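The values are calculated or read from the model by the stated rules, or taken from the named source; none is laboratory data. Model, not experiment: these values are computed from the prediction. Ideal geometry is used to build each Cβ from the backbone, glycine not excepted, and the neighbour counts take in all protein chains shown. With ligands, DNA and RNA removed, areas are computed over all heavy atoms of the protein, side chains included. Shrake-Rupley method; radii C 1.70, N 1.55, O 1.52, S 1.80 Å.
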Amino acid sequence: MVSKRIVLHFPHRLVNQPIVYKLVEEYDLQFNILKAFVTPEEEGLMVLELGGKRENFDKGVEYLQSCGVKIQPLSHDVVRNETKCTNCGVCVPICPTEAFVVDKKTRKVIFNDKKCIACELCIKICPPRAMEVHF
Amino acid sequence: MKTVKEINDKIKKGEVVVVTAEEVIDLVQKKGVKKVAQEVDVVTCGTFGPMCSSGAWFNIGHSKPRIKIGGGTCKLNDVPCYTGFAAVDIYLGATALPDDDPRNKVYPGEFKYGGAHVIQELAAGENVRLEAAGYGTDCYPRRKLDTLINIKDLNEAVLFDIRNCYQNYNVAVNLSDKPIYTYMGMLKPNLGNANYCSAGQFSPLLKDPYYRTIGIGTKIFLGGGIGYVAWQGTQHNPSVPRKENGIPSAPAGTLAVIGDLKQMKPQWLVGSSMLGYGVTLIVGIGVPIPILDEEALQYAAAQDKDIYTQVVDYSVNYPNCVGGSLGEVNYDELRSGKIIIQGKEVPTGSLSSYPKAREISEELKGWIRKGDFLLSEAVAPLPKVGSGYSFKMLKEKPILKKKE
């Protein structure tokens, strides 16, 4: 079994097609939509947690790509600007997935982007605005 | 036991022993107060947190022909300055906002740019746009000025913060069922998080709780340069309840600090945006404590677990000036990541950066060891416990209408 968080970019022509449904029906994959919207450029954007058998997962991803959906792992999207971050830790209790952890020894804030679901709560509450979204 | 002069002689000879406020804790545990008080000369403290009552004054130099900005208007990168001085002296406050900032009209406001950011950019050596208008006089005929300025060309650029370095601070929580946006950060509903803001065992005034050596004239690390304690900070309140170890268990003393902004560095003066609240400046301050006797060391060796503070509701109690604490916690508990309030486990968040407080203390330690930084003796004490000096609420008085 495999489970990954991915970002799907749908081109304009695919926005109104039931693509994710096929992932369930034909590839027996489970999904959890973490975020979905259509940008002003009319590109569809969906953050998805996708899971299932490894073989099915790979086939599903292949199917998405064959339709013209661009796939990007989630961790690329929310990044910390290391020069701006002061390691204060105000983000720690705000994050719903505990992606920020204070290192016991250094007391620095570790950002575990694998846990990040790109909810963006941390973006605006960071006083020096060190958290950035790059969609 | 020791004098500041003796310590300064040791600094000049390169024989001084300096440790940080964190290192001294281990030392005292290993060797005991008596021995360490003989060995250690200076303990360096540090703090790096949002401090709203900060700002800077500038003398921009005279234009040709001259303009009197005093009584007129002046903006730096669109952020309004105070101009009620002579011709070309201006003061920029950290929380000042451009006139067209939407503030909280779109709630919660983002407050992306303000006085604090301008101060940081100036410290970084960036050009800043100055737009000024005067009313014109015989000796200052010019009415308008629009130019780029750079800190290196200004006659004076002086950071002058009227309240920094709070001795202890509240832990903020939200008892309501809606998120609230405060200067203590976003507080999630129903005790969703508990935010605190103190460097704890690194914090200068917590390590000299009775202001025995920190006073007016104390030389400090300010924003990466050298500064001084100018006065007690506004709202200085020495007579709050204290624990047996002398440490106040609520916000108490404060410092007004001053220093040459031209020497300061942008990494230690950081413009910040508090969602739904406003702009503020994160200020880096380091204070050396001379270990003149065992008592000074005893205080300087206080640990997070010895320092207590109060949990305060910011949804109803704080805004309405209703006193009362939801509980008392120490900084060791706060730093563990969770505290218990009203039987609920609440995750904690810090606004003050502990790693940066450590970095500042290390930096100041380095300056003293290298002989670049001599200690000063206070020229006058801060108002102390029992001085009668206290923090008062505003008593509003009705405006009486004149009879016609």
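What whole-number value in cubic angstrom gives the convex hull volume per residue for the C-alpha atoms of segment B:62-129? Spell out each step's value before the answer.
Values: hull volume 6.6 nm³, N = 68.
Considering the Cα atoms of segment B:62-129, their hull volume per residue is 97 Å³.
Using only alpha carbons, segment A:80-133 has a radius of gyration to Kirkwood radius ratio (Rg to Rh) of 0.91. Placing pseudo-labels 7 Å out from each Cα toward the beta carbon at A:Lys22 and B:Lys305 gives an inter-label distance of 6.2 nm. Computed 3J(HN,Hα) for segment B:181-197, one whole-Hz value per residue from the Karplus formula 6.51 cos²θ - 1.76 cosθ + 1.60 where θ = phi - 60°, is 10, 10, 5, 9, x, 6, 10, 6, x, 6, 6, x, 7, 10, 9, 10, 8, glycine and proline marked x. Normalised by 2.2 N^0.38 Å, with N the number of residues, the alpha-carbon radius of gyration of segment B:229-314 equals 1.36.
Inter-label distance, B:Glu15 to B:Gln298: 2.8 nm, where each label sits 7 Å from its Cα along the C-beta direction. Computed over protein heavy atoms with a 1.4 Å probe, the accessible surface of the protein assembly as shown works out to 47 Å² per residue. Take B:Cys139: with every protein chain present and a 1.4 Å probe, its accessible area is about 90 Å².
Could you please state how large a percent of the accessible area of chain A is carbon and sulfur, counting protein chains only and using a 1.4 Å probe? The C+S portion of the solvent-accessible surface of chain A is 53 percent.
Could you work out the Rg to Rh ratio of segment B:192-248, with Rh taken as the Kirkwood radius (inverse of the mean 1/r over all Cα pairs)?
Working: Rg = 13.4 Å, Rh = 13.3 Å.
Looking at segment B:192-248, the ratio lands at 1.01.
Note on segment A:2-76: Rg/Rh from C-alpha atoms, Kirkwood Rh, equals 0.94. Accessible-area loss of 10 Å² or more (1.4 Å probe, protein heavy atoms, chain alone versus all protein chains) is found in segment B:337-351 for B:Pro347, B:Thr348, B:Gly349, B:Ser350, B:Leu351. The shape of segment B:1-150 can be summarised by an equivalent ellipsoid whose semi-axes, obtained from the alpha carbon gyration tensor, come to 47, 22, 11 Å from longest to shortest. Summarising the overall dimensions of chain B from its C-alpha atoms, the Rg and Dmax are 22.7, 79 angstrom. Rounded to the nearest 20 debye, the dipole size of segment A:2-76 about its Cα centre is 180 debye, using +1 on the Cβ of Lys and Arg and -1 on the Cβ of Asp and Glu.
Want the number for B:Asp372 to B:Glu39: 0.36 nm per residue separation, take away the alpha-carbon distance, what's left?
Numbers: separation 333, 0.36 × 333 = 119.88 nm, distance 2.09 nm.
In short, 117.8 nm is gained.
For segment B:327-354 versus segment B:1-67, the spacing of their alpha-carbon centroids is 28 Å. Solvent-accessible surface of protein heavy atoms, probed at 1.4 angstrom with all chains present, puts A:Arg54, A:Arg80, B:Arg212 in the order A:Arg54, B:Arg212, A:Arg80, largest first. Counting only heavy atoms of the protein chains and using a 1.4 Å probe, A:His9 has close to 20 Å² of accessible surface.
Taking the protein heavy atoms of chain B in the context of the full set of protein chains, the accessible area attributed to carbon and sulfur is 52 percent at 1.4 Å. Charges were assigned to the Cβ only: +1 to each Lys and Arg, -1 to each Asp and Glu. The resulting dipole of chain B about its Cα centre is roughly 760 debye.
Here the mean projected area of the convex hull built on the C-alpha positions of segment B:218-372 is 11.3 nm².
Dipole magnitude for segment B:110-233: computed about the Cα centre from +1 point charges on Lys and Arg Cβ and -1 point charges on Asp and Glu Cβ, it is near 240 debye. Excluding ligands, DNA and RNA and using a 1.4 Å probe, chains B and A jointly bury around 1800 Å² of accessible surface, summed across both partners.
Figure legend: label point modelled 7 angstrom from the Cα of B:Lys265 along Cα→Cβ; residues of segment B:274-288 with amide N under 18 Å from it are B:282-288. Between A:Lys114, A:Lys105, A:Lys53, the residue with the greatest mean-square fluctuation in the GNM of chain A (Cα pairs under 10 Å linked by springs) is A:Lys105.
Between A:Lys114 and A:Gln65, what FRET efficiency comes out of the Förster formula 1/(1 + (r/R0)^6) with R0 = 22 Å and r the beta carbon distance, rounded to 0.05?
On the way: r = 22 Å, r/R0 = 1.01.
Computed FRET efficiency for A:Gln65 and A:Lys114 comes out at 0.50.
For chain A, the alpha-carbon radius of gyration amounts to 1.18 times the rule-of-thumb value 2.2 N^0.38 Å expected for a compact globular protein.
In terms of accessible area, using a 1.4 Å probe and ignoring ligands and nucleic acids, B:Val379, B:Val158, A:Val24 rank largest first as B:Val379, A:Val24, B:Val158. The angle separating the long axis of helix A:54-67 from the principal Cα axis of greatest extent in chain A is about 80 degrees. In segment A:91-122, the residues whose accessible area drops by at least 50 square angstrom when the other protein chains are added to the isolated chain are A:Pro93, A:Ile94, A:Arg107; the probe is 1.4 Å and only protein heavy atoms count. At what distance in nm do the modelled label points of A:Glu41 and A:Thr83 sit from each other, each positioned 7 Å from its Cα along Cα→Cβ? Each label point lies 7 Å from its Cα, and together they span 2.6 nm. Calculated mean residue ellipticity, 222 nm, the protein assembly as shown: -5000 deg cm²/dmol, from DSSP H runs (n ≥ 4) at -39500 (n - 2.57) each, averaged per residue and rounded to 500. Taken over the protein assembly as shown, the convex hull of the Cα atoms encloses 228 Å³ per residue. Could you list the residues of segment A:1-39 with an amide nitrogen less than 16 Å from a label point located 7 Å from the Cα of A:Lys53 in the Cα-to-C-beta direction? Those under the cut-off are A:1-3, A:23-30. Since only B:Tyr107, B:Met51, B:Thr73 are under comparison, the one whose Cα sits farthest along the positive direction of the charge dipole of segment B:51-107, derived from C-beta charges on Lys, Arg, Asp and Glu, is B:Thr73.
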